[in-house]
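No lab work stands behind these numbers, since they all come straight from the coordinates. A quick note: this is a predicted structure, and the numbers were derived from the prediction, not measured. A quick note on method: Cβ atoms are made from the backbone with ideal geometry, for glycine too, and the neighbour counts reach across all protein chains shown.
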Amino acid sequence: MITYIIRRLLAAVVLLFIVSAAVFAIFYLVPRVVGATPETLATRYVGRAATPETVNLIAHKLGFYDPIWVQYGRWVKGIFLGSEYDYGSGTEHCPAPCFGYSFITRQPVWPDLLDRLPVTLSLAVGAALLWAFFGVSTGVISALRRGSLLDRAAMTVSLAGVSMPIFFTGLIGLLVFSYKLGWTASGGSYTPFTENPADWFYALLLPWIVLAFQFSAQYARLTRAGMLETLGEDYIRTARAKGLPESAVNVRHGLRAALTPLLTIFGLDFGLLLGGAVLTEQVFSLPGLGKYAVDAITNNDLPKVLGVTMMAALFVVVANLIVDLLYAVVDPRVRIS
Amino acid sequence: MIQRTRVLVAATAALALGLTAACGGGKDDSSSGSSAKAEFNAALDKVFNPSEKKGGTIRLANSGDWDTLDPGETYYGYSWDFLRLYGRSLLTFKASPGAAGNELTPDLAEGLGETNDNGKTWTYKLRKGVKFEDGTEVKSADVKYAVLRSIDKATFPNGPAYFEQFLNLPAGYKGPYKSKGVNTDQAISTPDDSTIVFHLKQAFGGFDYMAALPQTVPVPQAKDTAAKYKEHVVSTGPYMFDQNNLGKNFSLKRNPNWSAETDPFRKALPDRFEVSLNVNADDIDNRLLSGDLDIDVVGTGVQPATLGRVVGDPTAKAGTDNPNQSRLWYTSIVGTVKPFDNIDCRKAVQYAADRTGYQTAYGGPLAGGDIASTVMPPTIPGYQKFDLYPAGPDNTGDVAKAKEALAACGQPNGFSTNIAYRAERPKEKATAESLQQSLARVGIKLTLKPFPQGDYFSQYAGNPPYVKANNLGLVLNGWGADWNDGFGYLSQIVDSRVIRETGGSSNASVRDPDVDKLLDAAVGNTDAKAREAQWGAIDKKVMEDAFILPGVYAKALLIRPKKLTNVYVNPAYNMYDYVALGVA
Amino acid sequence: MAAEPFLEVKDLKISFPTDDGLVKSVDGLSFRLERGKTLGIVGESGSGKSVTSLGILGLHNKRNAQVSGQIWLDGEELVSAAPETVRALRGAKMAMIFQDPLSSMHPFYSIGHQIIEAYRVHHRVSKQVARKHAIDMLGRVGIPQPARRVDDYPHQFSGGMRQRAMIAMALVNDPQLLIADEPTTALDVTVQAQILDLMHNLQEEFNSALIVITHDLGVVAELADEVLVMYGGRCIEYGTARTIFEEPEHPYTWGLLGSMPRIDRPNLDRLVPIPGLPPSLINLPSGCAFHPRCAYEPRTGGLGTTLTPELTVAGRPGHLVRCHLPTAERQRIWREEVKPKLEAQ
């Protein structure tokens, strides 16, 4: 078991290296291959009408004249050993893990990531609780009342939920609940939990609901399908034949089995969300990792893109591992060796 | 170039003076009336909702990050407008609507610059009693230091580069961080604590505009942390930083060491300013319309989705203003690509182009702007209205004249060429398609060539060898003034000497030695009025050369803040004057 | 007047409405069973035997099944009883052993857990007591080291062991009626024999009534006192095991006997399957439901295709057969045509 975990973690590290190299290549190697020079790369980071001397200075400062593997090596080295940054009138030490300095804001990336993680974490955990509860309960009720008006209504609503994108439901939600009715906070009003829990809750309420709505819809459908399949299993008939009350049959025997495959999907969804709920954060202007990633890509800010990608990849890998371990606990047929 | 308009500083004391003189008025803000009725453009040329009431908080939002709060590096018009709340440059633009807002007025200095040698040396006297937020008095050395540090382009690569271009700096000078202890008196001298003298390499008649750049906002050397200074800028204005969370939000509170006695124009009505960064652009519009937010600080106008809602609703439209942007959307006609080496072929494009189609592609008169026929927009002093290539009564092009020009060019049946545009910009794509249609009427066949905007000028449309090799005969382009004056607007787009073989210049087509000579003559002229006439002549010359097909004088549709007082568009920035605002 | 039988099924009808029509799985079935006796219900898949057993336990969903007729268990009528009443009997007074115990046991719960659960539904005892009882039961059905294996999961048991555990689970509440649905189908031959022995012994020990449902006459031969042969949802022959095996009168039963693998006839590839397919339960063939597959149908003089035969007393009292052929003719065919052929195999 322990060796299994270690092996998986080592594989994760290798994967993270591959991901980082790929992102690096997309931002540096590809433009160089199609003809960009260090100077053309540097022009993205200087003002308009900058002189060739300025462009040259910046290309040097950002290390664009070095071969790509040297640049990549410098980045990797920073993660393990830290690095130095020249901010003009002196140098600043960026301790390990140093994901480099942003070309645009000239701030170290790592503190930014740590700063934004709680936002995404708050969003993801709150939404996950909501959708796990509402999605699963709706799915169960639908499955048990299959074909009823309730079932059809729930499935119609959830079809809408699955098919409507966040930037639609989110903006409509803001318009109606925030600007027209004034029940929820407007976009961009995030307050850290540690500062004011009430404001934190108020600001996240609508994002939670909007994000959870989409996932609930998906989970309701999955739960319903899983429940229907499970309720047709032989062991459910056995449970009834033992004289178990209907509720015990549905919950202890039916739901338990129906939820197991959902656990995998949940773990992956949650892991992905921790890497940044891009659309939700964008719509509600939440300063989380997803918004950070979008802004970084828009601004061509490679160190930020690399940092946030690493973070997201790490979450997905870890979520995967946890799901696998958890699966072994839930389903005794799965043996981890 | 980033889509947000960079610096639209306006100016031209001279023109403003001329205008007011013509009206027979004094130097008072006689042109600026006041208004309280909410109607379309109610805050364009007059003060909307005037009030002297103090207190309250103004809430602003920016759909992106602030370019930088450091006065030495900031290069966006909205930032220059906002910066006056916490920083005082030597000169600035008058806090006034209408033409008076284009006037330069002393801020940190006591008066405008003085020159005794026809514009090679400029002297400014500082006001007494102006203090930093910590209570220490501002000295001329602090201004000198601020200007010199902005020259360090390794540290501040995004800032304007005018000072290093004009100041008589020691050879190889790299700013106070790298070139420690170098005597720089040959560039800037400070004979006493309240006098600062700028020594230029060449005469520059419009130096007062440079004295109005935020780079002259004083920086105390002891508190300077170079690239990190933006984390805590030391204020000289009525407000200072309270909180500053880079990339997320910041707030300003009152600066106890600012005194209204040293400041002739800042009313400093509200108690606080709160700015959110990286806010969803559509959300900003919704919040402005609901009154949940006061100002979209970037000031470039509403999103396309909002535009439809506002235009269709008279009540909503009455809550908007539609100022000029001191920006021209145009098409470069590249003379190095055959057959555009022949002027008549360039003229054929001028005649054949559908100007109305160009305007429609940019969103029509409200969101796009007015149909253009010159290089300089009307907001630039020296602008003269003329149209060398009339495009017919409905502005859709003169096909007959275009065919004549083609015949004169020796291409009576037309020819084929390519048109470059930025792939990320739907408006440029629409423009390219419109031109494709209208030019096809005379046999000029265009092939659309989209390029990524990040490398548009450096690698493709602004890279002369690439342009020539790939027959990019037409290049979609656009330019906004650094400040509202001929030099601030024209120098980067019509001077052939800024074109570099390695790429990166915004001037994609104008190569005329006569134009270069005219520019040099105008720059050295200290007679403002004569200088303006020279800018106008340059505009005409470029149009005669037919190197530029003007498209649209850009306009923006701004949502007027509902709960604020003293709202007006300052023509120097083409957006609301952030220094004048108060809370109702 | 004889005492009421322990179990009496009267005119039981079970059908399922579907988009294609009403599926009449059981159509007018009646039989009786006393304590200590074993009834074998035989038939091909789809003949209605499993549906009958689930019907007795009240396991059909009211929303998709229509059940009519009467089921009397120890003086109580179950078809019209409240669902809660039937639930309280289920697992306690009547229990069921399902086929394929791998899919019939919950994969996520240990064997012990599932037996304990079954016990505690009907007995208000602590988990410890129930656990002891479960271990005891596992021991009685022949699971070695039951105290250790009680915490194993179904997938950790062999097929035979699982079937034993299934039996233990069914017997944990000392049911008086036990229904075994294909109890040995999934098992290999030697294990089959062990399980049959076990069931036989346990039945004697508990003196319960046992219904064995199977398509395998060999199982019936081992266990049953009486045999009910089903075809197309109806009983087509009923009699004591001895009668059915030695003097069967229905051509379908003859076919079943012909397809029966027997230990004394190891040459399995000489099995004679009944030609044709089981009938559609939505549209039963006209006349005798078996006539399309019946080799003797021409001898009925056309009755077979037009008139549905009644279940009538055949050669012996208590021997019922649903067939148009005259009794004497059937006995003759068995004696002279079918039996010799079977013995020759």
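Structure notes:
- Distance-filtered residues of the range C:80-97 - backbone nitrogen under 17 Å, label point 7 angstrom along residue C:123 Cα→Cβ: C:89-96
- Taking the inverse of the mean 1/r over every pair of distinct Cα atoms in chain A gives a Kirkwood hydrodynamic radius of 23.0 Å.
- Positive end of the dipole of chain C (Cβ unit charges, origin at the Cα centre): among C:287, C:232, C:213, the Cα lying farthest that way belongs to C:213.
- Normalised by the number of residues in the range B:324-555, the average gap of Cα pairs under 8 Å and 6 or more apart makes the relative contact order 35 percent.
- Rounded to the nearest 20 debye, dipole of the protein assembly as shown from Cβ charges on Lys, Arg, Asp, Glu: 500
- Rounded FRET efficiency, nearest 0.05, which uses the C-beta distance separating residue C:207 from residue C:316 and R0 of 30 Å: 0.65
- Along the axis of the charge dipole computed for the range B:257-317 (Cβ charges of +1 for Lys and Arg, -1 for Asp and Glu, origin at the Cα centre), the listed residues B:299, B:310, B:280 are led at the positive end by B:310.
- Taking the longest Cα principal axis of chain A as reference, the axis of helix A:52-61 is set at about 60 degrees.
- For chain A, the longest principal axis of the alpha carbon atoms and the long axis of helix A:197-231 meet at an angle near 50°.
- The residues B:53, A:61, when put in order of fewest to most other Cβ atoms within 10 Å, stand as B:53, A:61.
- Descending principal axes extents, the range A:196-321, alpha-carbon based, whole Å: 64, 33, 23
- The range A:110-182-the range B:456-510 distance, computed between alpha-carbon centres (Å): 49
- Summarising the strand pairing of the protein assembly as shown, around 70 percent of its internal DSSP beta bridges are antiparallel.
- P(r), alpha carbons of the protein assembly as shown - 10 Å bins starting at zero, rounded %: 2, 8, 13, 15, 13, 10, 7, 7, 8, 8, 6, 3, 1, 0, 0
- The angle between the Cα long axis of helix B:399-409 and the longest principal axis of the Cα atoms of chain B comes to about 80 degrees, rounded to the nearest 10.
- Links that overshoot a 18 Å alpha carbon limit, given the list B:120/B:178; B:128/B:228; B:94/B:562; B:153/B:230; B:347/B:541; A:304/B:153: B:120/B:178; B:128/B:228; B:94/B:562; A:304/B:153
- Size of charge dipole - the range B:416-508 - debye, nearest 20, with Cβ of Lys, Arg +1 and Asp, Glu -1, no other charges: 380
- Alpha-carbon centroid distance for the pair the range A:259-309 / the range C:4-57, whole angstrom: 59
- For chain B, fraction of C-alpha pairs farther apart than 30 Å, in %: 52
- Put simply, the Cα atoms of chain C extend 68, 47, 47 Å along their principal axes, the longest span coming first.
- Centre separation in Å (Cα based) which lies between the range C:219-245 and the range B:179-222: 115
- When the Cα positions of B:350, B:390, B:439 are compared along the charge dipole of the range B:324-555, B:439 comes out farthest toward the positive end, with charges on each C-beta of Lys, Arg, Asp and Glu.
- Chymotrypsin sites (Phe, Trp or Tyr not before Pro) restricted to the range B:498-568 and DSSP loop, no more than 11 other C-beta within 10 Å: none
- Shape call, the range B:324-555: gyration tensor on alpha carbons, a/c limit 1.5: rounded
- Sites residue C:68 and residue A:168 - FRET efficiency at Förster radius 35 Å, r taken between beta-carbons, to 0.05: 0.05
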